[in-house]
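S.K.: Pasting a structure here, questions to come.
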Amino acid sequence: MTTTGSPAARFEHVRHLHSVTVYVHGEIDLGDRPEMRDALEAAMTPGRPIVYVDLADVTFMDASGMHELAHARRAVLRRRGRFVLVAPPPVIRLLVEVWRDTDPFEVRERSSLLDRAI
């Protein structure tokens with residue numbers, strides 16, 4: 001597991017056989033954008049076409065965080081992979097709905113992923 005980010009925002013990677021899970025913690029705003037971009041880009045590795053982004057521990061995210069998620073989603077889809085948001089809290093779900101027309105994110109709950117290794 002690799003951890004990066006400031007005390008307010010933290011990013012962890014867990015690599016699995018065919019996927020990478022990025023755990024995002026804390027508040028994500030404009031100041032965290034470079035670290036978030038680096039964390040998402042680090043998850044896009046050859047041989048692991050599925051990127052899960054677990055947002056359960058995010059307490060705040062502004063538009064800059066959503067832009068980074070959208071940018072990463074498009075990059076993963078260009079590589080014919082899957083980009084999945086996992087367990088976004090209500091405040092993030094609202095942003096996902098706003099972005100739906102331009103970036104329809106795949107969203108899953110943690111419980112739907114428990115039966116298989118993510």
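S.K.: Please find, within region 50-68, the residue that is farthest from A87 (Cα to Cα) out of those that are in a strand (DSSP E or B) and hydroxyl-bearing (S, T, Y).
M.R.: Restricting to residues being in a strand (DSSP E or B) and hydroxyl-bearing (S, T, Y), the top hit is T59.
S.K.: How many of the residues in region 1-18 are closer than 11 Å to V53 by Cβ and at pLDDT below 95?
M.R.: 1
S.K.: Select from region 73-106 the residues that are within 19 Å of M44 (Cβ to Cβ) and among the acidic types (D, E) and list them in ascending order.
M.R.: Within region 73-106, D103, E106 qualify.
S.K.: Give the residue that is modelled with the lowest pLDDT, with candidates limited to residues of region 36-74 that are farther than 13 Å from E12 by Cα and touching a Ser or Thr at 6+ places or on another chain (Cβ under 6 Å).
M.R.: R48
S.K.: I would also like to ask the following. Please find, among R74, R33, the residue that is closer than 16 Å to V107 by Cα, basic (K, R) and not in a strand (DSSP E or B). Steps first, answer last, please.
M.R.: Values: R33 fails: closer than 16 Å to V107 by Cα.
Result: R74 is the single residue among R74, R33 that is closer than 16 Å to V107 by Cα, basic (K, R) and not in a strand (DSSP E or B).
S.K.: Here's a follow-up. Any residue in region 29-45 that is surrounded by fewer than 21 Cβ atoms within 10 Å (Cβ to Cβ), on the phi > 0 side of the Ramachandran plot and without any contact (Cβ under 8 Å) to a residue 60 or more places away in the chain?
M.R.: No - not one qualifying residue is present in region 29-45.
S.K.: While we're here: Take V96 and decide whether it is in a strand (DSSP E or B), in contact with a helix residue (DSSP H, G or I) (Cβ under 9 Å, 6 or more places away or on another chain) and surrounded by 14 or more Cβ atoms within 10 Å (Cβ to Cβ). Please lay out each step first, then the result.
M.R.: Working: in a strand (DSSP E or B): no; in contact with a helix residue (DSSP H, G or I) (Cβ under 9 Å, 6 or more places away or on another chain): yes; surrounded by 14 or more Cβ atoms within 10 Å (Cβ to Cβ): yes.
In short, no.
The values are calculated or read from the model by the stated rules, or taken from the named source; none is laboratory data. Worth saying up front: this structure is predicted, and the values here are computed from it rather than measured. Cβ coordinates were reconstructed from backbone atoms using ideal geometry, including for glycine residues, and neighbour counts include every protein chain displayed.
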